[in-house]
Amino acid sequence: FVADGGDFVKLTLDRCREKGVAGFVSFRLNDAHHKKDADDPKTARIESVPRFYAEHPEYRLGKQPGQTSYAAMLHDWAHEEVREFKFRLIEELCANYDLDGLELDFMRHPYFFKDKETTTEQRREIMTEFVTRVRWMLDTTARVGRKRWLCVRIPAHEAAQDAMGLEMQAL
C-alpha cells in the first residue's frame, strides 16, 4: 500500500472524521521490531528500519544487565541526535496531518537509557524537555482555534517511570 503511494495516516484520519471520532496517532518512542536486521543491507527493511537507525549504531543501548535482548537494539535517549530524530518524525506528523491528538507510547519497548550512565535528574530533564517540545509542536501546527490532545502511555508503577525519565508532575 505505502510502496504504491498510499498514505495510511491520511486514510485513517479521514475514516475517523467520516465516523465522527477523534483521529489520534500513536507514536512508539522506541521500537525494536525488525531492528535486528538493520546491520545487514540484504535483510534491512526500509519500511521498518530508518536510515538514521542503520547509519548510527553508536546510538543504540546495547546489552544492559536485567533488560531483555531486544533492548540492545533500541535507541539511547541520552544522545541529543536520537531525540532530534524522533522529534522531527513527530513534527512531520503534526505539520502534514490534521490530527486531533498524539499519543507518545513510552511502553512498547520501555528502555531509553543505559544503566548507570544517567542520573534520575538527567533522565527527567531529557524526557520532560522532549514532551514539552512535542506539546509546543502540536500547538503551533494546529489549525487556528483548534486544540490538539497529547496523551502519554506510561507504566503505572513509579519505579518503572524513574528508569524511563518520567515525572508526572513535570509532564
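The values are calculated or read from the model by the stated rules, or taken from the named source; none is laboratory data. Quantities reported herein were computed from a predicted structural model and do not represent experimental measurements. We place every Cβ from the backbone using ideal geometry, glycine too, and count neighbours over all the protein chains shown. When the accessible area is computed, the model is the full protein with side chains, heavy atoms only, and any ligands, DNA or RNA have been set aside. Shrake-Rupley method; radii C 1.70, N 1.55, O 1.52, S 1.80 Å.
Observations, loosely collected:
- Search result, residues across the range 98-111 that are touching a Ser or Thr at 6+ places or on another chain (Cβ under 9 Å) and modelled with pLDDT of 95 or more: L102, E103, L104, D105
Yes/no matrix, rows are residues, columns are (1) surrounded by 19 or more Cβ atoms within 10 Å (Cβ to Cβ); (2) under 15 Å from the mean Cα position of the chain (by Cα); (3) β-branched (V, I, T):
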{"residue": "D105", "(1), (2), (3)": "no, yes, no"}
{"residue": "Y111", "(1), (2), (3)": "yes, yes, no"}
{"residue": "D115", "(1), (2), (3)": "no, no, no"}
{"residue": "Q122", "(1), (2), (3)": "no, no, no"}
{"residue": "E125", "(1), (2), (3)": "no, no, no"}
{"residue": "E129", "(1), (2), (3)": "no, yes, no"}
{"residue": "K147", "(1), (2), (3)": "no, no, no"}
{"residue": "V152", "(1), (2), (3)": "no, yes, yes"}
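- Every condition in (1) under 18 Å from L166 (Cα atoms); (2) in contact (Cβ under 8 Å) with a residue 60 or more places away in the chain; (3) open to solvent by less than 50 Å² (accessible area, probe 1.4 Å) is met by C16 except one, and the failing one is (1).
- Of everything in the range 68-79 that is hydroxyl-bearing (S, T, Y) and part of a helix (DSSP H, G or I), the residue that is surrounded by the most Cβ atoms within 10 Å (Cβ to Cβ) is Y70.
- Selection of the range 80-95 for residues being free of Cβ contacts under 8 Å to residues at least 60 places away in the same chain, open to solvent by 10 Å² or more (accessible area, probe 1.4 Å), more than 26 Å from E158 (Cα to Cα) and not small (G, A, S) yields E81, E84, F85, R88, E91, E92.
- Complete set of residues in the range 136-145 that are assigned to a helix (DSSP H, G or I) and open to solvent by 60 Å² or more (accessible area, probe 1.4 Å): W136, D139, T140
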